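Single-structure report; data block below.
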Amino acid sequence: MKGKWWRLMVGVLALAGGVGYWTTAQATSVKKEQTAIKKIIKRDLKPVGGKWSVKVTRLGKHPLSVRTGNQSITRQRSASTIKVFVMVTIFRRAKQHKLKLNSRDRQDLKLMIHNSDNAVANRLIRRAGGFKVVNQTIRHYHFKQTVLQRYMLDTHALRRGRDNYTSVNDLTRVLVNIYHHQLLGKTYDKQMLALLRGCRNHSKLPKLVKRATVYNKTGEYPDKGVQNDAAIFHTKRGTYSIVVMAQSGRQWQQYRGMNRLGRDVVNYLNHHR
């Protein structure tokens, strides 16, 4: 009896030790992956110039998050990525029964997200209730580095120092929450995800990525050297979020760097875990 008890205790201790070892090994592995991804980011975006920041997230059972930049990571000019938050506001108002979505609203949402139509985005801002209501929604969900302060193409507001801002943190969180149906709930998040899947601009992060379903929204303001892309890639091997924001840089190098970044990060994550 004593022998059996002893063997049982040895087995339990060995199992506990094994679990501890596995956890440590897993943590070490994640750190190595984070280091490898940071190297990829810095290599691919080194020629871009200006200011840039990136956040990479792996969704699922083996979560991973990497955030880096060539300067302090703060809010940056959003360009058209702010339209994601306008979309969220429209659907939130519908969920609250403060706005009844009609056929024109749905068509406008497609034009704003699929084609990045600026005039339509301005119409949807007014339809949502204006800047105040959009910013209330932004604050409600604690997107602390995001603010809507001007209409699209309002160069007069820009000259007065007012622009729209967001960050790689806020864009990542809004995309991931929509993907997981954890923002407005399944009914509305599925509709927003379908809109993001229909975005026609795959000229940046998705351009060189093969065999992936892409949900994204780009933003660009060449006069200010702004090129942004916020994307989720779903592949057979995993689902990943990549958000890149660049400003005051050289456009052709921004595009080239983002093309490589999307391809290299997705390829790396597809072959790890």
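Mean residue ellipticity, 222 nm, helices only, the chain: the sum of -39500 (n - 2.57) across DSSP H runs of n ≥ 4, divided by residue count and rounded to 500, is -17000 deg cm²/dmol. The trypsin sites (Lys or Arg not before Pro) of the range 26-77 meeting both criteria, a DSSP state outside H, G, I, E and B (loop) and at most 11 other C-beta atoms within 10 angstrom of the site's C-beta, are 61.
On a full-extension model of 0.36 nm per residue, what is the gain between residue 132 and residue 208, subtracting their alpha-carbon distance, rounded to one decimal in nm?
Values: separation 76, 0.36 × 76 = 27.36 nm, distance 3.90 nm.
Full extension from residue 132 to residue 208 adds 23.5 nm.
The charge dipole of the chain, taken about its Cα centre with unit charges on the Cβ atoms of Lys, Arg (+1), Asp and Glu (-1) only, comes to about 380 debye. Stretched out straight at 0.36 nm per residue, the stretch from residue 267 to residue 101 would grow longer than its current Cα-Cα span by 55.8 nm.
Any idea what % of Cα-Cα pairs in the chain are farther than 34 Å? Working shown, then result.
Details: 9152 of 37128 pairs.
Result: 25 percent of Cα pairs exceed 34 Å.
Given a Förster distance of 51 angstrom, what is the FRET efficiency for residue 237 paired with residue 159, based on the Cβ-Cβ distance and rounded to 0.05?
Numbers: r = 48 Å, r/R0 = 0.93.
Working from the Cβ atoms, E equals 0.60.
Note on 166, 239: ascending count of other Cβ atoms within 10 Å places them as 239, 166, the fewest first. Derived from the Cα gyration tensor, the three semi-axes of the equivalent ellipsoid of the range 188-267 are 22, 16, 9 Å, largest first.
Set the Förster distance to 35 Å, then compute FRET efficiency between residue 187 and residue 46 from the Cβ-Cβ distance, nearest 0.05. Intermediate results must be reported in sequence, preceding the final value.
Numbers: r = 43 Å, r/R0 = 1.24.
Efficiency computed from Cβ-Cβ geometry: 0.20.
Taking a ≥ b ≥ c as the square roots of the eigenvalues of the Cα gyration tensor, an a/c ratio of 1.5 or more together with a/b no larger than b/c marks the range 118-273 as oblate.
Determine the shape class of the range 37-81: with a ≥ b ≥ c the square roots of the Cα gyration tensor eigenvalues, call it rounded for a/c under 1.5, and otherwise prolate if a/b is greater than b/c, oblate otherwise. It comes out oblate by the Cα gyration axes.
Treating the angle as unsigned and between 0 and 90°, give the value, to the nearest 10°, between the Cα long axis of helix 131-140 and the longest Cα principal axis of the chain. Its long axis makes an angle of about 10 degrees. Based on C-alpha pairs under 8 angstrom that are at least 6 apart in sequence, the range 37-270 has a relative contact order of 29 percent.
Where a number appears in this text, it was derived from the coordinates with a stated rule and is not lab data. Because the structure is a prediction, the values reported are computed rather than measured. When we count neighbours, we look across all protein chains shown, and the Cβ atoms used for this are built from the backbone with ideal geometry, even at glycine.
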